[in-house]
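Just so it is clear, none of the values below were taken in a lab; they were calculated from the coordinates. Keep in mind that this is a model prediction, so the values were computed, not measured. Neighbour counts are summed over all protein chains in view; Cβ atoms, including those assigned to glycine, are modelled from backbone coordinates with ideal geometry.
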Amino acid sequence: MNRPVVIAAGGTGGHMFPALSLAAELRARGQPVVIACDARGARYLAPGIDHRLIQAASPTGRWRARLGGIGRLTIGFAQSLCFLHRARPTAVAAFGGYAAVPIGLAAAMLRIPLLVHEQNAVLGRANRMIARRAARLALTFAATRGAEAAPAARQLVTGNPVRAQVAALRERPYRAPVAEQPLRVLVVGGSQGARLFSEIVPAAIARLSKSERARLALAQQCRAEDLQRVASAYAGLGFEAELAPFFDDLPERMTASHLIVSRAGASSVAELLALGRPALLVPYRFAAEGHQSANAEAVSRAGACWLIEETKLDADALAAKLRSALDQPQELVRLAARAAALGRTDAASALADAVQSLVSPAAVKTQMEALA
């Protein structure tokens with residue numbers, strides 16, 4: 001029986017979804033895979049997926065929380081040593097989150113080739129703890145803050161895997177609205193984004209003239225508790241908007257949109273770039289390590305999005321951007337082209353190539369040199 005590859009990730013979707021994309025790609029190549037995650041991460045696993053639960057927690061916060069986190073990481077390290085010793089994997093791929101730390105450290109101790117993948121434009125705390133021990137540090141952005149934790153010779157840029165539904169839509173060209181066609185605007189975000197946008201977007205629409213509002217077709221994600229309030233705000237303006245707590249067909253909607261207003265999480269940014277769609281990014285200001293701001297700034301520097309920091313977002317600022325989109329559709333075309341140039345749908349394949357390249361005498365030597 002072929003020895004497996006172990007893929008480790010923490011409990012958020014931002015870590016688990018790229019990890020599962022790599023797992024699917026490796027399985028398609030005939031490579032057995034075992035997922036190592038914490039209990040939160042297990043929520044994202046389909047029935048029947050081979051996995052092991054690893055104790056982990058953040059070693060930050062007040063002293064009691066720090067001690068508890070260190071204790072759970074210590075237990076997780078012991079679990080990881082036993083698990084890896086029995087499984088004898090050919091390689092380990094770690095995708096961040098604290099559940100990846102015990103596995104990464106155990107892999108280093110057992111001289112198992114280790115790849116670390118960073119989804120954001122800043123190396124996360126958990127990845128910083130293991131990146132210098134990695135034979136490969138795979139990056140989403142070439143200019144990732146903190147990537148110097150690993151020598152440049154061990155770094156490679158793979159991008160961040162996107163959902164299959166998104167990859168399938170990659171080739172649909174972007175077309176700006178033509179005369180008599182409304183500007184289709186999609187507003188999406190997690191719970192924090194939906195709450196902010198539920199306050200700001202109706203106020204911005206109110207700043208537009210009646211003729212400007214008539215040229216907009218708006219679909220907006222809202223928290224269930226905000227739906228009635230937001231619907232009433234639009235009704236008071238005589239403006240029709242499609243509102244929902246969740247859109248099942250989000251990739252299709254993103255592809256059909258002329259402008260997307262979104263937070264700047266790693267998965268959201270990767271999908272916008274893969275689709276080549278113009279976006280106004282509003283990074284969540286309390287995101288760990290400022291990673292959403294780093295993501296948005298990386299895309300903005302490439303001229304592939306509009307960026308408004310949350311502290312500067314108000315009704316007037318958003319209304320001004322909507323007017324620009326209405327009056328300068330060629331600017332949207334430019335943003336779309338630059339986004340498409342940055343985006344990629346082969347990240348899972350590139351990561352699988354990198355993992356499989358580790359299974360060689362030269363790679364093992366590199367791993368041992370990393371630990372010296």
| said: Using amide H atoms built in the peptide plane, which far-off residues or other-chain residues are under 5 Å from residue 93 H to H? | reply: 6, 7, 8, 115
| Given 0.36 nm per residue, what is the gain on full extension from residue 231 to residue 195 after removing their alpha carbon distance, in nm? | 11.6 nm
| request: Rounded to whole Hz and in sequence order, give me ³J(HN,Hα) for the stretch 60-74 from the Karplus expression 6.51 cos²θ - 1.76 cosθ + 1.60, θ = phi - 60°, writing x for Gly and Pro. | output: 10, x, 5, 4, 5, 5, 5, 5, x, x, 5, x, 5, 5, 5
| request: Would you kindly state how much longer the chain becomes between residue 142 and residue 286 on full extension, computed as 0.36 nm times their sequence separation minus their alpha carbon distance, in nm to one decimal? | output: 49.5 nm
| task | With viscosity set to 1.306 mPa s and temperature to 10 °C, compute the Stokes-Einstein D of the chain, Rh being the Kirkwood radius across alpha carbon pairs; µm²/s, no decimals. | result | 73
| message | Please list 3J(HN,Hα) in residue order for the stretch 319-325, calculated via the Karplus relation 6.51 cos²θ - 1.76 cosθ + 1.60 where θ = phi - 60°; whole Hz, with x for glycine and proline. | response | 4, 5, 5, 5, 5, 4, 5
| remark: Computed about the Cα centre, the charge dipole of the chain from +1 Lys/Arg and -1 Asp/Glu charges at the Cβ has a magnitude in debye, to the nearest 20, of 1080
| note | Residue separation between residue 206 and residue 353 times 0.36 nm, minus their alpha-carbon distance, gives in nm 47.8 nm
| note | Interchain or sequence-distant (5+) residues whose placed amide H lies within less than 5 Å of the amide H of residue 155 are 137
| note | CD proxy, 222 nm, the chain: helix-only mean residue ellipticity via -39,500 (n - 2.57) per DSSP H run with n ≥ 4, per residue, nearest 500, stands at -14000 deg cm²/dmol
| field | Where only C-alpha atoms are counted, convex hull volume of the stretch 38-132 per residue in Å³ | value | 107
| remark: Ranking 14, 169, 126 by how far each Cα lies towards the positive end of the charge dipole of the chain (+1 on Lys and Arg Cβ, -1 on Asp and Glu Cβ), the top one is 126
| query | Any idea which of 270, 185, 160 is furthest toward the positive side of the dipole for the chain, if Lys and Arg beta-carbons carry +1 and Asp and Glu beta-carbons -1? | reply | 160
| Loop-located GluC sites (Glu not before Pro) in the stretch 252-352, at most 15 other Cβ atoms within 10 Å (DSSP) | 309
| the chain: angle of helix 191-207 to the longest principal axis, Cα-based, in degrees nearest 10 | 20
| message | Neighbour counts of other C-beta atoms within 10 Å: give me 205, 7 arranged from fewest to most. | response | 205, 7
| Using the count of nearby Cβ atoms within 10 Å as a rough guide to exposure, how do 226, 38 rank from fewest to most? | 226, 38
| task | Would you mind checking which residues have amide H under 5 Å from residue 52's amide H? H placed 1.01 Å from N; only 5 or more apart, or other chain. | result | 35, 36, 37
| said: Can you work out the Karplus-derived ³J(HN,Hα) for every residue in the stretch 37-54? Use 6.51 cos²θ - 1.76 cosθ + 1.60 with θ = phi - 60°, whole Hz, and x for glycine or proline. | reply: 7, 8, 4, 5, x, 4, 5, 8, 8, 6, x, x, 6, 5, 8, 10, 8, 10
